1. Is at least one residue of the stretch 96-106 among the hydrophobic types (A, V, I, L, M, F, W, C) and modelled with pLDDT of 95 or more?
2. Name the residues in the stretch 137-167 that are closer than 19 Å to residue 80 by Cβ and either touching a Ser or Thr at 6+ places or on another chain (Cβ under 7 Å) or in a loop (DSSP other than H, G, I, E, B) (or both), would you?
3. Answer with yes or no whether residue 197 is closer than 23 Å to residue 346 by Cα and either under 25 Å from the mean Cα position of the chain (by Cα) or assigned to a strand (DSSP E or B) (or both).
4. For the stretch 156-176: of the residues being under 14 Å from the mean Cα position of the chain (by Cα) and either hydroxyl-bearing (Ser, Thr, Tyr) or modelled with pLDDT under 95 (or both), which is farthest from residue 417 (Cα to Cα)?
5. I need every pair where a residue in the stretch 75-103 that is of a type in the set (Gly, Ala, Ser) has its Cβ under 6 Å from the Cβ of a residue that is outside any helix (DSSP H, G or I), sequence separation at least 6 or different chains.
6. Between a residue in the stretch 165-191 that is in contact (Cβ under 8 Å) with a residue 12 or more places away in the chain and under 10 Å from residue 211 (Cα atoms) and any residue that is assigned to a helix (DSSP H, G or I) and of a type in the set (Lys, Arg), which pairs come within a Cβ distance under 7 Å, given they are 6 or more apart or on different chains?
7. Does residue 337 satisfy the condition of being among the hydrophobic types (A, V, I, L, M, F, W, C), under 25 Å from the mean Cα position of the chain (by Cα) and not assigned by TED's automatic domain parsing to the domain that holds residue 398?
8. Mind checking whether some residue in the stretch 213-223 is within 22 Å of residue 135 (Cα to Cα) and surrounded by 20 or more Cβ atoms within 10 Å (Cβ to Cβ)?
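The values are calculated or read from the model by the stated rules, or taken from the named source; none is laboratory data. All of these numbers come straight from a predicted model, not from anything done at the bench. Note: ideal-geometry Cβ built from the backbone for every residue, glycine included; neighbour counts use all protein chains shown.
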Amino acid sequence: MLYKVYETQRTLMEPFVDFAQAAAKLYSNPLSPLGQNPFSQRVAAGYSLMYRLGKDYEKPTFDIQTIDIDGTSIAIHERVEIDKPFCELRRFKRLTDDPATLTKLKNQPAVLIVAPLSGHYATLLRDTVKTMLKDHKVYITDWKNARTVPLSEGTFHLDDYVNYVQEFIRHLQAKYGNCHVISVCQPTVPVFAAISLMASRGETTPLSMIMMGGPIDARLTPTTVNELATTKSYEWFERNVIYRVPSNFPGAGRRVYPGFLQHTGFVAMNPNRHASSHYDYFKNLVKGDDASTEAHRKFYDEYNAVLDMDADYYLETIKTVFQEFKLVNGTWDVISAEGKTERVTPGDIKTTAVMTVEGEIDDISGAGQTKVALEMCSGVAASQKKHLEAKGAGHYGIFSGRRWHGVVYPAVKAFIIEHNQLPAQAKQAVLAAKKIAEPAPLVTAKPVIKTVAKTAARPTGKAAAPSTARPTSKTAKKTTRSK
C-alpha cells in the first residue's frame, strides 16, 4: 500500500514540479520581464531547489565517450555483452586507429568490476570505470531495477547473484584466458562465494580478486548499517520494508524493497549534511556560482537515482551477511545454476591472488570487515595477499575522487600487473580460440581424394574442426538418427 501511496503522491506533484522548473527558467532569464525583478535571482533559486527536491530521478548514463591514454584520444563504445533478467554485463570497448596504441590496448588485462546491488545504479562507479579504462579492458555488472522486471522472469535470490558472477567470470575467461575481479562494497560477499565455489569444483579461478570496503565479517567494528540489521529481526524487515510494485510498472506485483525507502534511509544517516548541501546550492544559485551548482547537480543526479531490489535477494542478504554471518561461520550453502547445493569454502581458493582495500574512516563497512578475507583464504600463499588502508578515505573515497586516484588506484593497478601472468595452458587456449581455421594445404591429389572419401563415408565424423569432442559426438548421433 505504501508504494501505491508514494506513486500517487508523486503523480499529483508532477504538475507543480514542472511549474517550478518553468518558473525557475523564467525568473533566471534576463530577457524575460520576470527576470528584471530585483529579487528574481532569489525567486529563481527557490523554484530551482523546489524542482530538484520534487523531481523523479531516472537511471543515469555512464556517459564515457572518450579517454586519454598517453596523449592519444581513445573512443569508448559501450555495449551489453550478456543480458540476464536482472543484470546486464556491460563492456566499455576502446577504439583507436593508432597502431602502437592499439597494440598496447590488446595486451592489457581484462577486469570485471562487480557493482553493488544495494540501492544505487552501477553508474555510481563511473569514476572507477573511467580510471580503470586507461590500463585495462573493463566490464561491469549493471543491475536492473526490479520494478522493470516482469513477474514472468521469476524471483531473484542471493544464490542467483552468485551464479551470475560465475557466468560473467567464465565469459571473460573464455575470451581472454582469464581475468581479474574487483568488487566494491556489497558484492564482496557474493563474489567471494562465487570464486570459492569455482575453486571447490576445480574450475579455473580469476588471476586476482580485489575486494573493496565490503562486509565480509560484519561483526567487526559494526557501523550504523550493521547495527540496524542486527537489532531488527528478519520478520521486521519483511513486514516494514517489503512492498509490491504498483500496476504502472512492468514488474507489477513483484515483492521489492523500494528505492524510495532506501533513499530515505541514505538521507537519514546524514540529514544535516544533506540539508546544508541544498542550502549551499540555493546560495550559489543566487551568487551565480555556476561551477558549484553544476557540481551539486551532478552529485545528486546520481545520489537520488535509486532502484528497487527483489525482496528475496534483499532479505536473504540481511539474514546471510548481517544476522547469521554464514560466510565467516562456514555455514553458507549456495544452490548452483544446475540446482546442486554447495558449501562455500574460501580455504579452497589457491591460485587467485587476493587484495583487500578499506577506507580509514569508512562509516558503512567498518575497519577489519574486509581485511578478514585474507585470513579466510588459507590456501593462498602470503606472497599473493595484500591489504591497503586508504588514510583519510571514507566509503566513497576508496572508489571515487582524489584518494581513489592518488592512493587506491595506483596500488590496485600494481597488484593486477604483478599477478597478470597467465598459465601456459590458458595462453594456448586463448590463441586457439582466436585462431581462424584454415584448410589443410593440398600437396597431391591423392590425399584430397582420401579425405573426401572419408567425409562421404562418415558424414558425422571429423570433417569439421570441432571445438571439443563432446559436442561433436552428440551432433554425430543426432545426424545418424535423422538419416
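1. Residues of the stretch 96-106 among the hydrophobic types (A, V, I, L, M, F, W, C): 100, 102, 105.
Remaining after also requiring modelled with pLDDT of 95 or more: none.
So far as the stretch 96-106 goes, no, none of its residues is among the hydrophobic types (A, V, I, L, M, F, W, C) and modelled with pLDDT of 95 or more.
2. Quick first cut of the stretch 137-167, residues closer than 19 Å to residue 80 by Cβ only: 137-146, 148-150, 153, 156, 160-161, 163-167.
Passing the criteria: 144, 145, 149, 150, 156, 163.
3. Details: closer than 23 Å to residue 346 by Cα: yes; either under 25 Å from the mean Cα position of the chain (by Cα) or assigned to a strand (DSSP E or B) (or both): yes.
Spelling it out, residue 197 is indeed closer than 23 Å to residue 346 by Cα and either under 25 Å from the mean Cα position of the chain (by Cα) or assigned to a strand (DSSP E or B) (or both).
4. Per the criteria, the residue is 161.
5. What qualifies is 75/66; 75/95.
6. Every condition considered, no pair remains.
7. Details: among the hydrophobic types (A, V, I, L, M, F, W, C): yes; under 25 Å from the mean Cα position of the chain (by Cα): yes; not assigned by TED's automatic domain parsing to the domain that holds residue 398: no.
Here the answer is no, as residue 337 does not meet what is asked.
8. No, every residue in the stretch 213-223 fails to be within 22 Å of residue 135 (Cα to Cα) and surrounded by 20 or more Cβ atoms within 10 Å (Cβ to Cβ).
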